[in-house]
Amino acid sequence: FGDFEAVKDVSFEAREGAITAILGPSGSGKSTVLRMLAGLETPTSGRIWIAGRDLTDTSTQERRVGMVFQHYALFRHMTVAKNIAFGLSVRKVPKDAQEARVRELLGLVQLEPFAHRYPDQLSGGQRQRVALARALAPKPSVLLLDEPFGALDAKVRQDLRHWLHEIHRELGITSLLVTHDQEEALELAHQLVVMHEGKLEQVGDTNAIYNEPATPFVAGFVGAANVIQGLVISGRVQFGEQHLDGAGHIQEGAPAHAYVRPHDVTVSSVPINGSSSAATVERVNDLGWISKVRLVLADGQALTAEVPNERLDGVAAGGRVYVDLRNAKVFPPASGAVVPSDELAAL
Ligand code: ATP
């Protein structure tokens, strides 16, 4: 955009028939990528292929993409049926074929009784289902969804996620979903493209990214994580009296950050094993079947654990407990001085 680079060096392949989520914080460039795929923005350099064809220089109409935006963008003066038929009438599809396709889509999005209503006579969730039916009507080769549930409340979002998952299973259409909501991405997508400040952080299958984050940003953004600061001593992250394995790839004496998921923290009123750390319980928030336990480690660092209520075992605010941290992912901090080896020896 003029002098401003909104995205840079973004190359990835969205698998055919899968849902690929483009995930990142606000301003990371997700919508810009989607809009370039749709032909609504022109990349300064680089190419875009859809189903093996280079479509960089073709118009939006010729790309055969279906788009759904956060703000419904339905035509207010048209009924639900007319909205869904819009793309077909533009393409001069015969009337009876249009009607048959609209009936089919009304069934798919479960809105048959609403065919003759106008958009402002529908709930937000129903409007997004109409928007999806309208995008699907011309049988696009790719479906592009830009924060499609962003304006809806939590319960409706949850219902629509489930419903989109089902529709995708039925149609198998290659889909790209822009979202800043990591839970939505993890639940819906097969593949993730994680973006940060206009660049790619990591691309891969959802599980692989969750379990093997390639960068500290991904470790902290995709799924919740505690960040524990320490120094690398004998290939382990040392913090206070404790240490964590997994720092063999970082230089001795360098500072390190260990990322640990709240559900990978075991809390117990008795020592768990030789390496469990002492901590004080600051607060316990009961979320129904699970509790969030806020802890302070002996060296003053804060930590959150998620513990199923049946395993709380008397853990309560103010108590002394032991914690065992599993599956830590260790990264060097963005910048940090290495402690000289003579000082290291003194630690
Ligand atoms: P959000 O989740 O907030 O929608 P995003 O990840 O989709 O964010 P983009 O909308 O792609 O981010 O914006 C990326 C960057 O490009 C931002 O800094 C934004 O201000 C800038 N930007 C977007 N559109 C334009 C434009 N038309 N002109 C100039 N800058 C723009």
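Derivation of every value follows stated rules applied to the coordinates shown; laboratory data play no part. These figures come from a predicted structure and were not determined experimentally. Please note: Cβ atoms are built from the backbone with ideal geometry, for glycine as well, and neighbour counts cover all protein chains shown.
Taking every alpha-carbon pair under 8 Å whose residues sit at least 6 apart, region 138-255 reaches a relative contact order of 15 percent.
Short to long, the 5 Å bins of the Cα pair-distance histogram for region 181-242 hold 4, 16, 24, 19, 13, 10, 9, 4, 0 percent of all pairs. Entry note, the chain: relative contact order of 17 percent, from Cα contacts under 8 Å with a spacing of 6+ residues.
As a rough guide to protection, the peptides 274-286, 90-102, 136-148 ranked by mean Cβ packing within 10 Å, highest first, stand as 136-148, 274-286, 90-102. Simple point charges give the picture: +1 on the Cβ of Lys and Arg, -1 on the Cβ of Asp and Glu, and for region 1-129 a dipole about the Cα centre of about 480 debye.
Give, rounded to the nearest 20 debye, the magnitude of the charge dipole that region 184-269 has about its Cα centre when Lys and Arg contribute +1 at Cβ and Asp and Glu contribute -1 at Cβ.
Details: 3 positive and 10 negative charges, 30 e Å.
Dipole size: approximately 140 debye.
Within the set of other residues whose C-beta is less than 12 Å from the C-beta of S26, count the net charge using Lys and Arg as +1 and Asp and Glu as -1. Taking every Cβ under 12 Å from that of S26, the sum is -2. Please identify which residues in region 270-311 have an amide N closer than 13 Å to a label point set 7 Å out from the Cα of D324, following the Cα→Cβ vector. Flagged as within label range: 270-277.
So for the chain, taking the charge dipole from beta-carbon charges (+1 Lys/Arg, -1 Asp/Glu), which of A219, L105, T56 sits furthest toward the positive end? It is L105.
Seen against the Cα atoms of the chain and their longest principal axis, helix 124-136 is set at about 60 degrees.
Convex hull volume of the Cα atoms of region 176-307, normalised per residue: 139 Å³. Each of A302, G253, H263 was scored by the projection of its Cα onto the charge dipole of region 219-304, and the greatest displacement toward the positive side belongs to H263; charges sit on the C-beta of Lys, Arg, Asp and Glu. Can you find, among V323, A278, G198, the residue farthest towards the positive end of the dipole of the chain? Put +1 on the C-beta of Lys and Arg, -1 on that of Asp and Glu. It is G198.
Here the chain was treated as a single set of alpha-carbon atoms; its pair distances binned every 10 Å from 0 give 5, 20, 24, 20, 15, 10, 4, 1, 0 percent. K292 sits among other residues whose Cβ lies under 9 Å from its own Cβ, and their net charge, with Lys and Arg +1 and Asp and Glu -1, is 0. Can you give me the Cα centroid spacing of region 280-321 and region 94-148 in angstrom? First find each Cα centre; the distance between them is then 47 Å. Using the Karplus relation 6.51 cos²θ - 1.76 cosθ + 1.60 with θ = phi - 60°, the per-residue 3J(HN,Hα) values for region 278-289 come to 7, 8, 10, 7, 8, 7, 10, 9, 7, 9, x, 9 Hz, with x marking Gly and Pro.
Working out 0.36 nm times the residue gap between D181 and R64, then minus their Cα-Cα distance, what length gain in nm do you get to one decimal?
Stretched out fully, the D181 to R64 stretch lengthens by 39.4 nm.
Placing unit charges on the Cβ atoms only, positive for Lys and Arg and negative for Asp and Glu, gives the chain a dipole magnitude near 1600 debye about its Cα centre.
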